[in-house]
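The values are calculated or read from the model by the stated rules, or taken from the named source; none is laboratory data. Being a predicted model, the structure only gives us computed values, none of them experimental. Cβ sites come from the backbone with ideal geometry, for glycine too, and all protein chains shown count toward neighbours.
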Number of protein chains: 4
Amino acid sequence: MFFASDNAGPAHPQVMQALMDANQGYAMPYGSDPIMNDVRARLREIFEAPEAAVYLVATGTAANSLALATLGQPWQTVFCSPVAHIHEDECNAPEFYSGGAKLTLVGDSDKITAEALRGAILAEETRGVHGPQRGPVSITNVTERGRVYTCAEIAALSAIAKEHGLPVHLDGARFANALVALGCTAAEMTWKAGVDAVSFGGTKNGLPGVEAVIFFDPAKAWEFELRRKRGAHLFSKHRYLSAQMLAFLTDNLWLHSAKRANANAARLTDGLKAMPTASFLHEPQANMVFANLPRASHKRLHEAGAAYYIWSGSLEGDDPSEPLAARLVCDWSIGHDQIDQFLKIAAG
Amino acid sequence: MFFASDNAGPAHPQVMQALMDANQGYAMPYGSDPIMNDVRARLREIFEAPEAAVYLVATGTAANSLALATLGQPWQTVFCSPVAHIHEDECNAPEFYSGGAKLTLVGDSDKITAEALRGAILAEETRGVHGPQRGPVSITNVTERGRVYTCAEIAALSAIAKEHGLPVHLDGARFANALVALGCTAAEMTWKAGVDAVSFGGTKNGLPGVEAVIFFDPAKAWEFELRRKRGAHLFSKHRYLSAQMLAFLTDNLWLHSAKRANANAARLTDGLKAMPTASFLHEPQANMVFANLPRASHKRLHEAGAAYYIWSGSLEGDDPSEPLAARLVCDWSIGHDQIDQFLKIAAG
Amino acid sequence: MFFASDNAGPAHPQVMQALMDANQGYAMPYGSDPIMNDVRARLREIFEAPEAAVYLVATGTAANSLALATLGQPWQTVFCSPVAHIHEDECNAPEFYSGGAKLTLVGDSDKITAEALRGAILAEETRGVHGPQRGPVSITNVTERGRVYTCAEIAALSAIAKEHGLPVHLDGARFANALVALGCTAAEMTWKAGVDAVSFGGTKNGLPGVEAVIFFDPAKAWEFELRRKRGAHLFSKHRYLSAQMLAFLTDNLWLHSAKRANANAARLTDGLKAMPTASFLHEPQANMVFANLPRASHKRLHEAGAAYYIWSGSLEGDDPSEPLAARLVCDWSIGHDQIDQFLKIAAG
Amino acid sequence: MFFASDNAGPAHPQVMQALMDANQGYAMPYGSDPIMNDVRARLREIFEAPEAAVYLVATGTAANSLALATLGQPWQTVFCSPVAHIHEDECNAPEFYSGGAKLTLVGDSDKITAEALRGAILAEETRGVHGPQRGPVSITNVTERGRVYTCAEIAALSAIAKEHGLPVHLDGARFANALVALGCTAAEMTWKAGVDAVSFGGTKNGLPGVEAVIFFDPAKAWEFELRRKRGAHLFSKHRYLSAQMLAFLTDNLWLHSAKRANANAARLTDGLKAMPTASFLHEPQANMVFANLPRASHKRLHEAGAAYYIWSGSLEGDDPSEPLAARLVCDWSIGHDQIDQFLKIAAG
């Protein structure tokens, strides 16, 4: 019953097999392996972006930080949600990679609204050389709270950014989960909605550790390559990154895995909806469920070994009926039996 | 006939099998996987350093840059060879990670001599706040030119560093190749010789991509962890790094692989010594051979598809007997047949 | 009628005379001038801190950024008010000098409350290596909105910082204005209240351009010197900084000037209080007045050439009685005639 | 008898008077003071560069570091002499401001030769993303050893830089001394010789502390302004910088002062040439003399209180006739009596 994160489950067997298959003979290092050619071609095809610059790195933080550093300048501020991974969970990596840029927290929610973004951008307008300059807008889909921006919502935020000449970055650590939730194309969720660069996640969706960074305008491709090398994120034995990503993209494994993860979360959601004592922080949309359960349920689950984060409140407390929020993340690999067992124990 | 680098051959099958074996069920992320406990214990045992802080990263540049940034300060200068990987091949990653430290190039050779080091350190002595401050000494074993520092040589350099209170870093991208060439212990080549931190290489010795960073004094362990995270080098699915390293250390695979690589280079060396037209830039000591061959030999080898770097001179030229230097790197996987074929073609 | 800032008026004649007097013969450069010895001794005396490390720089941003970089680490976050100069008016200098630290905005006011600080610190507590680490607390006295922290308020904030082992920085760009408003000693407002380092302002209080940085614990003095040099803030002809500061400290010129400035603001405040159409954003406490005046008053003042910032709202608008906020800053040099003329025109 | 540096003498009285004169009434801060308009116009006129971007900072290190950071990128290397001030005397400020660029030391002399520059640039050519990328070329005129590049020599270096698309920076801490030594125009020594940006020194030539940074192509002007602010080098009371520089440029004070300094050095040189025991490291060309004197001369001079650097060797030693090198710097203010006294004591 592991619902703590989607970064702790096993990689998909097809991906592991691809790693084994790639382990034959010699391959040119540093991204010149032939598999990378296929990865690049396949991602350009998926994104309907034949000119896009496509790179692989091994962590989501690297993808985000390198993308943002390439899009912005050290004297700028990046507009993001106060719960954005780049703000809360990267130990100042974006500040480090950018050379000291600032992050401006927009609104008070995981989903940035057009109004809040406009307000935040305008608030940086009047201080000339004194204040930070306006920089990239970074949005996360699926958000860190499990919600999904529609393509129209992304387009609305991009439009505001563009009014001010600001580039747009999409943190897609759970890109595929968002895509299958929306039922749109990768192009529709990105460049057709005004996104300039994407961190295209693989690690949370069944890969051992690979993310792609995609720039739809290749003008800064060489700069990105230099930043990646200087950041120590260029792998010599790059084929082991390429092989993961190619297997991910082959036969739509990435979409199938995301569908399974989302379906697992939906099953969990349905079960919780049937529990009168459970409620939701908001309606789950992808593979994360934020739900309130009574303390007694939590205690039973913990005794049974269920792993997940208690999002607010504490197990310690007297009132067994007091609701405590849980973050429950489903990856592609969680079995129905685990979900059902969780629900059964939660219901008591 | 691939002698271009030891970063292009396949990973060892036992390592790949370990990756497959590790791909079961859930594992705590970010270095809290149980395999990492075994890696830590095993490396402490190998290094006879029960208190050592042990971390994994995925690239040698990350290992070096993070280790040096942790040992030094932005206003210092790192003493290294002019052909050090940290100077020539990391696109300013050490400067980036350190926040703007300088590198002082010591002497004019791959091997730093005690005299040159002393001179370089003393030359930084008289400028108060104006010049860069003296910082870590970084040495590479096996050097970038295939030579090996003896433990006594390392100890002599460390002694000079310690006279001035400077920490010592060992870039051990080819640590095992040096160790088996010397026939000493890991402790003797490192902390017993005054080394404070090691980049312990795996990638060039049969791993898909893992290096360990080891600090013998754990005082800066937490700082290193923060630097690693901030540098985006902390893997969520860390078990796939741990599994590589544990397989590497199990049953001395790391030493066996290095012995094979060195033996391959010795076979190549012996064959070249039998060629009257061949000569050596210096006596090969580990898994790299720097040898002069006549242009005609190079032409035949290139036509036959041999892959390696021409280190000086150019294939283009009229004189078929003119000697051109080659860098020939042997990894564990190169077959005797390839070596013998290379020698046969070279001899003509 | 110049109320735009206290950085635009003339320097005090005694300071200018001291510059002339210092311009004799040779003086050792880079802070080794004899005048600096006197400055150091005098500041240690004023602060009752015989061990304090004392340095001069030429801009307030340099003082703040260098002090914070010395107190903190790149992977930390600095706790400050959302209107702090370090956040709003230094174009990411603190982020640059710290090597990429973050700023956490505490509360929604110019004055940080103990409750807000505690909450902000606790909110950074649970993410291990993932979130930014807690770093220095920076408070500004006089605040950017003209209010004054009492010594007890500073002590309360420091106590919370110390509970968590965090150093405390005081941005004292208007240090003297706060001190004379409080009627306490420099020691009481700083180290006796738990402050570790001070940016001691001179520029806004009658100097051409000098600020002192004072560390009460000299342990990091050498690090500061290196950071200052590396930041290009060590003056070769340092005597021209020393001379300004020594004149400032001689015969309590710094306190007299601040008293004059505060008295000027009090005169302005009293005059505005007599205007039924005027109101205050909060009670003025030092040399800055934030007051609402009807649009008609603003229009008359602008036509008469009064210089100040309209803090909210716009001169353009139909309703002559609509209140618009003004920021009115008084320096030591503003004449009573200007204040009275301003009041007369404002009253109409 | 102060020959230690040209940064320790008094400022020119006309400059001090200009500071007094500027200290009247209010002036817009942050470079918007009217005097700065005159400075800008005058420097554009002097440099025959009506479009040039012109800025003031207070230290030479700031001028150099900000200029180089603006011309280059963090993943590049700056080509400079091994004795360049930016390498030896700025405590890694160029590395800090550039975000971690490297400095490549060209040749082994204060004057870079065309051959050495070409060799150094070509040596950085073959490593793709691995090595540092080629960046700005920085030359110093007058050099740190008192020699002067001719305009033709500068043009030759610039031509090589331009072949490779590299910008050229001139560290002109002693710009005027070089100019009067050459008898050319400011334009001829800079943009007509291919220089892109100049650190135009004032501090070593009679100012309390001001340097101009001039970009002949204003394309990066705004970036420079942001870098200056972020580096904490934008002065609020900027008029005190402007006033210094305007006085410097008025009635050619800058040229007159440099002529006096160079003439002082010539007088010293002539006197030393008349001493049979004196010799020169190279023929003095501007305001610095590097000369060998017998130990006995040095001892007499030190006893008499002469201040200068012993450049090689040590006063301690038995042989009174052993030559020790001295660095003797003349500023505009040194009197003939001091020079003659120095010569008399040296001669014994």
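In segment B:110-135, the residues that are assigned to a helix (DSSP H, G or I) reach residues that are of a type in the set (Phe, Trp, Tyr) with C-beta atoms within less than 6 angstrom, at least six apart or across chains, in these pairs: B:120/B:79. Residues in segment A:44-56 that are more than 10 Å from residue A:245 (Cα to Cα) and surrounded by 16 or more Cβ atoms within 10 Å (Cβ to Cβ): A:44, A:46, A:47, A:49, A:52, A:53, A:54, A:55. If we scan segment B:201-208, do we find a residue that is on the phi > 0 side of the Ramachandran plot, within 14 Å of chain A (Cβ to nearest Cβ) and within 18 Å of the chain's Cα centre (by Cα)? There is at least one residue in segment B:201-208 that is on the phi > 0 side of the Ramachandran plot, within 14 Å of chain A (Cβ to nearest Cβ) and within 18 Å of the chain's Cα centre (by Cα).
Where strands (runs of 3 or more DSSP E) sit wholly within segment B:154-221, none has at least 2 residues that are of a type in the set (D, E, K, R) and not assigned by TED's automatic domain parsing to the domain that holds residue B:333. Restricting the search to helices (runs of 4 or more DSSP H) fully inside segment D:1-95 and requiring at least 2 residues that are among the hydroxyl-bearing types (Ser, Thr, Tyr) gives D:60-71.
Residues are listed down the side, and each one gets a yes or a no for (1) under 18 Å from residue C:57 (Cα atoms); (2) buried (at least 24 other Cβ atoms within 10 Å of the Cβ):
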{"residue": "D:218", "(1), (2)": "no, no"}
{"residue": "D:221", "(1), (2)": "no, no"}
{"residue": "D:224", "(1), (2)": "no, no"}
{"residue": "D:233", "(1), (2)": "yes, yes"}
{"residue": "D:236", "(1), (2)": "yes, no"}
{"residue": "D:243", "(1), (2)": "no, yes"}
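Do we have any residue at all in segment B:119-137 that's among the small types (Gly, Ala, Ser), buried (at least 22 other Cβ atoms within 10 Å of the Cβ), in contact with a Leu (Cβ under 7 Å, 6 or more places away or on another chain) and within 14 Å of chain D (Cβ to nearest Cβ)? There is at least one residue in segment B:119-137 that is among the small types (Gly, Ala, Ser), buried (at least 22 other Cβ atoms within 10 Å of the Cβ), in contact with a Leu (Cβ under 7 Å, 6 or more places away or on another chain) and within 14 Å of chain D (Cβ to nearest Cβ). When segment A:80-113 is examined, which residues are found to be touching a strand residue (DSSP E or B) at 6+ places or on another chain (Cβ under 9 Å) and acidic (Asp, Glu)? Selection gives A:95, A:110.
For the structure I just gave you, tell me whether residue A:211 is closer than 30 Å to residue A:325 by Cβ, without any contact (Cβ under 8 Å) to a residue 24 or more places away in the chain and either charged (D, E, K, R) or crowded, with 19+ Cβ neighbours inside 10 Å (or both). In short, no. Annotation: residue A:96 fulfils all but one of (1) buried (at least 24 other Cβ atoms within 10 Å of the Cβ); (2) farther than 20 Å from residue D:224 by Cα; (3) within 19 Å of the chain's Cα centre (by Cα); the unmet one is (3). Checked against the criterion of being outside any loop (DSSP other than H, G, I, E, B) and among the acidic types (Asp, Glu), segment C:141-148 contains not a single residue that satisfies it. Tell me, yes or no, whether segment A:20-35 has at least one residue that is touching an Asp or Glu at 6+ places or on another chain (Cβ under 6 Å) and more than 18 Å from residue B:16 (Cα to Cα). The answer is no; no qualifying residue exists. Output the residues belonging to segment D:98-118 that are basic (Lys, Arg) and within 14 Å of chain B (Cβ to nearest Cβ). The answer is D:102, and nothing else.
Candidates are the residues of segment A:8-43 that are surrounded by fewer than 17 Cβ atoms within 10 Å (Cβ to Cβ) and among the charged types (D, E, K, R); the one that is nearest to the other protein chains (Cβ to nearest Cβ) is A:21.
Just checking, which of B:115, B:125 is at pLDDT below 95 and under 30 Å from residue D:85 (Cα atoms)?
Answer to the check: B:125.
Taking segment A:254-290 only, how many residues are small (Gly, Ala, Ser) and surrounded by 24 or more Cβ atoms within 10 Å (Cβ to Cβ)?
Selection size over segment A:254-290: 5.
Taking the numbered list (1) touching a Gly at 6+ places or on another chain (Cβ under 8 Å); (2) within 10 Å of residue D:239 (Cα to Cα) in turn, residue D:23 passes all entries but (1). Picking from residues in segment C:296-317 that are modelled with pLDDT under 95 and not aromatic (Phe, Trp, Tyr), the one that is farthest from residue D:27 (Cα to Cα) is C:317. Here residue B:95 passes the criteria (1) within 12 Å of chain D (Cβ to nearest Cβ); (2) on the phi > 0 side of the Ramachandran plot; (3) among the charged types (D, E, K, R) except the one numbered (2). Of A:226, A:234, A:179, all but one fail to be within 13 Å of chain B (Cβ to nearest Cβ) and in contact with a Ser or Thr (Cβ under 9 Å, 6 or more places away or on another chain); the exception is A:234. For segment B:325-341, the set of residues classified as crowded, with 20+ Cβ neighbours inside 10 Å and farther than 25 Å from residue B:13 by Cα consists of B:326, B:327, listed by residue number. Mind checking which residues of segment C:218-250 are free of Cβ contacts under 8 Å to residues at least 60 places away in the same chain and either in contact with a helix residue (DSSP H, G or I) (Cβ under 7 Å, 6 or more places away or on another chain) or of a type in the set (Asp, Glu) (or both)? Passing the criteria: C:230, C:232. Cβ-Cβ distances below 6 Å connect the following pairs, each with a first residue in segment C:74-103 that is among the polar types (S, T, N, Q), a second residue that is not in a loop (DSSP other than H, G, I, E, B), and a separation of six or more residues or different chains: C:76/C:133; C:76/C:135; C:77/C:102; C:77/C:104; C:77/C:135; C:92/A:102; C:92/D:230; C:98/C:69.
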